[in-house]
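Data first, discussion second: the structure below is written as structure tokens.
Every number here is computed from the coordinates shown, using simple stated rules; none is lab data. The model shown is predicted, which means the values in this text are computed figures rather than measured ones. A quick note on method: Cβ atoms are made from the backbone with ideal geometry, for glycine too, and the neighbour counts reach across all protein chains shown.
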Protein chains: 2
Amino acid sequence: MNWEQALGSKAELINTALDLLLPRASAYPSPIHEAMRYSTLAGGKRLRGAFVIAVADILGTDGERVLPAAAALEMIHTYSLIHDDLPAMDDDDYRRGKPTCHKVYGEAVAILAGDALLTLAFCTLSRLQEKGFEPGVVLRVIQEVGKAAGSQGLIGGQAVDLDSEGVKVSKETLEYIHNHKTGALFSASVRCGALLSGAGDEELQALSEYAKGFGLAFQITDDLLDLTGDQELLGKKPGSDLAKNKATFPGILGIGEAIKLAEDQVKKCQLSIARFGPRADFLRGAANYLLTRKR
Amino acid sequence: MNWEQALGSKAELINTALDLLLPRASAYPSPIHEAMRYSTLAGGKRLRGAFVIAVADILGTDGERVLPAAAALEMIHTYSLIHDDLPAMDDDDYRRGKPTCHKVYGEAVAILAGDALLTLAFCTLSRLQEKGFEPGVVLRVIQEVGKAAGSQGLIGGQAVDLDSEGVKVSKETLEYIHNHKTGALFSASVRCGALLSGAGDEELQALSEYAKGFGLAFQITDDLLDLTGDQELLGKKPGSDLAKNKATFPGILGIGEAIKLAEDQVKKCQLSIARFGPRADFLRGAANYLLTRKR
């Protein structure tokens, strides 16, 4: 099984879990539940959820047990995309190859669907006890995710990103944006998988370093794809960063230097997880995939 | 000390807790933290938080220990107001006597500030263990709040409310809206206070009935104030329900019947908490206040 197939099989598990955890589309009030399902089940690579499962796997915890955490992280990722796509934010019409949530259901329902996904994510995490985890560990997972998703994590990154449109930003500011907007949730994903598996501080530290490098390389390659990618594979229109005057790594460093920075980050990723041996092959494959990704 | 003074002293405790729990306005990225503080610390009666403390008091738990839960419920209430006030939703310019969050900070920051308050609420709840509560109890509190705030609670109520603008709705639909949009969070408040105090099922049931009656009567009197209230005391412009073609209890039942329904609910409130004796005087005063409230 190659890496893409391994990701696919994890994604399938996560999609099944999401389908069961999200309220039925027919549940009253229906439009909000339709919108939640539309955006969450619209595809997506499920990298964050896959990291939760992969890390549990490395540390000897059955992936099935951590599935609710994997699903919760994908709910948070989806809520952040729904809100980021709103007209008042990035104003995007397409996402994952389909019209964005507010294009289909209107802005009000899109805002509420995002709110509801964020809320459901915490509800879902709070029930991890049912999978046999200690309540104290579950609370630590909730704190981890809350911090990563909050105003000094994911939301902070988006706030600085919006503030930086049309402004010349430094490489440091751009790194802040991406370490928070993208990196924080990747870190939370590996750390949740680790905490639920009883990892020690050194293991947590190594996995956090992996996630930090991965998040940065992911964002650099995202920026590169926006310059050179194929609309059909991307599921959204390339060139949107340029159109919005967004700061990007290729924009600040040039394409050659940006590619080199991504490669350096991938090398750092590989070093940080060397200690885990062959069990960490999924994480290795994920880092390598960044250098050849088309979507 | 009369009821208003008792509420005031609880509100003061909650405001101090909120001030400490919210990131400093200067914390990077600053605009989002300014907006979170602006809306959360803009006043507000703190009824939800006061209910958490009052119920803990009835059941013999020190109010100081449940303060984080009280603050978390006020964060969720504030986030819901920020999002409800957005142009795509109720499009309100004033709240608590001040310009609404998006009027001061723009729509994007307002959306993010709401998201961040919701996230911080769950973070805050997840740290209740530090006040000596059992982790399992804390998880149950998070589930309670998550359910009340979710797509089949608070958010569901707002979704149906938006859907009902300009439409003739039944009394049943209007009750659904208010039981969810307003009642759910009042219920969660008393139930959190009760769960953190080790209440049994019967006590939980009695307090839930109180909260349901209180929520409905609160909303009916809110509708009445919108017809007859004073802008200065209200902190927002009366008549906005009419202007937006919102379904209201006076609109469906007539003013006389609406007042009678509120009075009936207040009687139900008083009956449901009779068992708790004089320790429940704060809850009694809260229900009576609804019949004379000016704001």
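A few comments on the model shown:
- Anchor B:K168: lysines whose Cα lies under 30 Å away (excluding residues fewer than 8 positions away in-chain): A:K103, B:K147, B:K181, B:K212, B:K236, B:K237, B:K244, B:K246, B:K260, B:K267, B:K268, B:K294
- For B:D230, inter-copy separations between label points set 7 Å beyond Cα along the Cβ vector come to 7.0 nm, shortest first.
- Centroid-to-centroid, using Cα positions, segment B:270-295 and segment B:194-208 are 17 Å apart.
- Rounded, prolate or oblate (a/c below 1.5 giving rounded, otherwise prolate when a/b exceeds b/c) for the protein assembly as shown by Cα gyration tensor: prolate
- Length, then width, then depth: along the principal axes, the Cα atoms of segment A:3-290 run 50, 49, 34 Å.
- The mean number of partner chain beta-carbon atoms within 10 angstrom of a residue's beta-carbon across peptide A:156-163 is 6.
- All other residues whose Cβ lies under 9 angstrom from that of B:A188 are scored, Lys and Arg at +1 and Asp and Glu at -1, for a net of +2.
- Whichever lysines have a C-alpha closer than 19 Å to that of A:K131, once near sequence neighbours (fewer than 8 apart) are set aside: A:K10
- Neighbours of A:Q205, meaning other residues whose beta-carbon lies under 12 angstrom from its beta-carbon, give a summed charge of -1 when Lys and Arg score +1 and Asp and Glu score -1.
- Label 7 Å beyond Cα on the Cβ vector: A:G60 copy-to-copy distances, nm: 4.5
- C-alpha center-to-center spacing [segment B:107-176, segment B:13-65] in angstrom: 16
- The listed peptides B:120-128, A:114-122, ordered by packing as a protection proxy, come out as A:114-122, B:120-128 (highest mean of other Cβ atoms within 10 Å first).
- Phi-based couplings in Hz for segment A:171-180 (Karplus 6.51, -1.76, 1.60; Gly and Pro marked x): 4, 5, 5, 4, 5, 4, 3, 7, 4, 8
- Shown for A:E12: label points 7 Å from Cα along the beta-carbon vector, and their distances to the equivalent points in the other copies, 6.4 nm in ascending order.
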